[in-house]
Amino acid sequence: NQKIARFNTSDLSYIGSWSVSAQGHEVSSIAYNATDGYLYMSSYNDGTKLWRYNQSTGAYVGQTTMGTTIAQIQGITFFNGLLYVNSDSTNATHEFSIDTGANTTTSIRRVYGSEGGNWEGLDHNDAGLLIFHDTTGSANGGVFIAGVTGSGKTTTLNAMLRAIAKEGIRKVVSIEDP
C-alpha cells in the first residue's frame with residue numbers, strides 16, 4: 001500500500017497522507033504541475049499514462065495518456081510549462097506539452113540521450129533542468145550532472161562528495177566549462 005505524505009515546509013510537521021495504490025500501479029516519480037494544481041505520478045512499468053491527484057486533498061482525479069510511450073520511467077518534472085520524462089531503458093529525457101483539456105501529452109522532442117549508465121532522476125529549479133545520470137556500474141564509473149547556471153549542480157556535487165568521503169578512497173574528477 002503506497003502512500004503520499006504531506007509536510008509543512010516551514011517546520012516539516014506532518015499534515016496528512018493518502019493512498020496511491022487504488023489505481024494498481026507502483027509510483028516511480030512524482031511531479032507537481034503549478035499550471036493545473038495536480039500531482040502527476042508515473043509508473044516504471046507502465047509508460048502509457050500518468051496518474052493525476054489533487055495536490056490539496058489527495059483525491060484521485062484521472063489519467064493523462066502519454067502521446068508517446070516511454071519505457072521504464074525513472075523521473076518526471078515540470079519546467080517552464082512543459083513535462084520532462086526520463087527513460088531508464090533508452091537513457092533519454094523527453095519533453096512533452098500537456099493538453100489539460102484532452103488529458104493527453106504531445107511528444108515534442110528528445111532532449112538528451114546517452115549510451116551506458118542509467119538515468120537516476122530528474123528535477124529542476126527556477127534556473128533550469130537537472131538530469132542525474134549514473135554510470136557507476138560501468139567499467140570506469142561516474143556520475144554526470146547537467147544543468148544551467150544556478151540550477152544546483154555544485155550543491156549536488158558537494159553533497160555527493162561528502163557521501164563519497166565517508167565511503168573511503170575514490171578518484172573524483174570535476175569538469176566545469178566556465
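Summary of values
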| quantity | calculated |
| --- | --- |
| Protein accessible area in segment 43-88, 1.4 Å probe - carbon and sulfur % | 42 percent |
| Amide H within-cut-off set for residue 43, under 5 Å, with H built and near neighbours excluded | 28 |
| Accessible surface ranking that places the most exposed of 88, 11 first, with a 1.4 angstrom probe | 11, 88 |
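The values are calculated or read from the model by the stated rules, or taken from the named source; none is laboratory data. It should be emphasised that the depicted structure is a prediction, and the values quoted were computed from it without experimental measurement. Surface areas here come from the heavy atoms of the whole protein model, side chains and all, with no ligands, DNA or RNA. Shrake-Rupley method; radii C 1.70, N 1.55, O 1.52, S 1.80 Å.
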